[in-house]
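Heads up, the thing below is written out as structure tokens.
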Amino acid sequence: MDLLYTLFPVSGVTTWVFLPPLVAFVVSAFISLGGVSGAFILLPFQMSYLGFTSPAVTSTNFVFNIVAIPSGVYRYFKEGRMAWPLTWVVVAGTLPGVFIGYFLRVLYLPDPGVFKLFVGCVLLVIGAWLIHESSGKALADKQRLSELDRKFADRAKSMREEQRSQAAAGLPPEAVVKTITFTIKTIEYEFWGERFRFSVPAMFLLSFLVGIIGGTYGIGGGAIIAPFCVTVFHLPVYTVAGAALLGTFLTSVVGVIFYSILPSAAGISASPDWSLGFLFGIGGFGGMYVGARLQKYIPQKNIKVILGTLIVSLSIRYIYQFITR
């Protein structure tokens with residue numbers, strides 16, 4: 001068993017080799033329900049439990065995304081729930097933001113305590129917004145999405161009763177994303193008989209700001225993009241999830257490149273721990289596939305409550321640690 005207790009020299013982490021993939025599988029299976037890769041939860045785990053606090057933890061999180069995300073994206077693609085125009089706008093905005101985020105991380109946030117405060121503030125905003133959106137008042141303002149929830153709930157119940165396990169075969173033709181309008185100003189698409197529209201410049205600006213935060217944190221931006229798409233642009237999480245995951249994957253690839261080749265402060269290593277990131281990614285790969293298959297069975301309200309409560313708990317802990325240190 002001692003052979004399984006391994007030192008990862010790049011990060012300095014010593015742990016059981018099966019622990020990273022196991023944790024990543026459990027986290028990703030739940031977190032990917034909302035179109036998020038789970039990296040924003042794994043980064044606190046690496047810092048608090050494994051003691052990995054250097055800027056390299058950010059780039060290692062990107063490695064996790066690269067390995068883990070394709071399985072989830074595959075499920076959404078196979079089921080016809082990829083909103084491609086939304087994906088490309090998100091990617092176009094986040095890529096330059098990730099570049100700026102790199103320099104913020106290595107130049108201004110190398111101190112673990114300060115970085116934890118940054119992480120706590122980001123998580124607090126995400127979690128609080130998700131919890132708010134699951135409240136009665138917020139749900140009442142989004143009747144169309146509630147109706148969409150009911151359609152999915154009824155269909156999922158029918159599928160379970162008929163013992164159908166193949167999602168694509170079990171969903172009706174209208175339960176796929178169909179692009180209606182794709183211009184430089186507006187994108188509109190149809191899903192399950194409903195049409196959804198959003199402003200391209202507004203989404204691009206949001207993606208750029210999110211890219212800065214995601215590039216600093218190491219999450220690629222999906223953890224923030226997904227909640228904003230649902231709460232601000234009123235898009236259904238069933239269509240946002242795949243776009244957010246694919247956008248996170250592509251920006252994570254670029255993020256790893258930035259952290260590997262761009263200059264950093266003297267004495268600070270920002271290159272990823274590839275072995276540790278790959279182990280997390282293996283677990284995340286399986287977890288995201290499971291999460292993508294389960295998502296259609298769980299109402300949006302439940303997804304938001306679970307994610308929001310978990311995120312707020314983590315954020316309060318990190319902010320409290322910074323205040324009392």
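Run I213 past the list (1) hydrophobic (A, V, I, L, M, F, W, C); (2) over 15 Å from the mean Cα position of the chain (by Cα); (3) modelled with pLDDT of 85 or more and report the number of the one that doesn't hold.
Failing condition for I213: (2).
Restricting to region 262-286, count the residues that are among the hydrophobic types (A, V, I, L, M, F, W, C), modelled with pLDDT of 90 or more and open to solvent by 40 Å² or more (accessible area, probe 1.4 Å).
3
From the list G80, G12, G51, pick out the single residue that is free of Cβ contacts under 8 Å to residues at least 40 places away in the same chain, over 13 Å from the mean Cα position of the chain (by Cα) and on the phi > 0 side of the Ramachandran plot.
After ruling out the rest, the residue left standing is G51.
Kindly provide the set of residues from region 182-233 that are free of Cβ contacts under 8 Å to residues at least 60 places away in the same chain and small (G, A, S), ordered by number.
Within region 182-233, G193, S199, A202 qualify.
So for region 168-179 (the condition being at pLDDT 75 or above, of a type outside the set (A, V, I, L, M, F, W, C), surrounded by fewer than 19 Cβ atoms within 10 Å (Cβ to Cβ) and touching a helix residue (DSSP H, G or I) at 6+ places or on another chain (Cβ under 8 Å)), does at least one residue qualify?
yes
Residues checked against (1) surrounded by 20 or more Cβ atoms within 10 Å (Cβ to Cβ); (2) touching a helix residue (DSSP H, G or I) at 6+ places or on another chain (Cβ under 6 Å); (3) modelled with pLDDT under 85:
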site: S199; (1), (2), (3): no, no, no
site: L205; (1), (2), (3): no, no, no
site: F208; (1), (2), (3): no, yes, no
site: G242; (1), (2), (3): yes, yes, yes
site: I257; (1), (2), (3): no, no, no
site: L294; (1), (2), (3): no, no, yes
site: I303; (1), (2), (3): yes, yes, yes
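Having 2 or more residues that are open to solvent by 50 Å² or more (accessible area, probe 1.4 Å) and over 19 Å from Y318 (Cα atoms) is the bar; report the helices (runs of 4 or more DSSP H) wholly within region 1-118 that clear it.
Fully inside region 1-118 and qualifying: 19-31, 56-78, 84-103.
If a residue has to be within 16 Å of the chain's Cα centre (by Cα) and either under 30 Å from H132 (Cα atoms) or not in a helix (DSSP H, G or I) (or both) to count, how many in region 236-281 make the cut?
Adding up the residues that qualify gives 17.
Residues of region 215-239 being under 24 Å from F103 (Cβ atoms) and buried (at least 24 other Cβ atoms within 10 Å of the Cβ), which ones?
Within region 215-239, G215, T216, Y217, G218, I219, G220, G221, G222, A223, I224, I225 meet the criteria.
Which residues, counting only those in region 12-69, are within 18 Å of A226 (Cβ to Cβ) and of a type in the set (S, T, Y)?
Scanning region 12-69 gives S28, S32, S37.
The values are calculated or read from the model by the stated rules, or taken from the named source; none is laboratory data. Keep in mind that this is a model prediction, so the values were computed, not measured. Note that we place each Cβ from the backbone using ideal geometry, even for glycine, and neighbour counts take in every protein chain shown. Please note that ligands, DNA and RNA were not included when accessible areas were found on the heavy atoms of the full protein model with its side chains. Shrake-Rupley method; radii C 1.70, N 1.55, O 1.52, S 1.80 Å.
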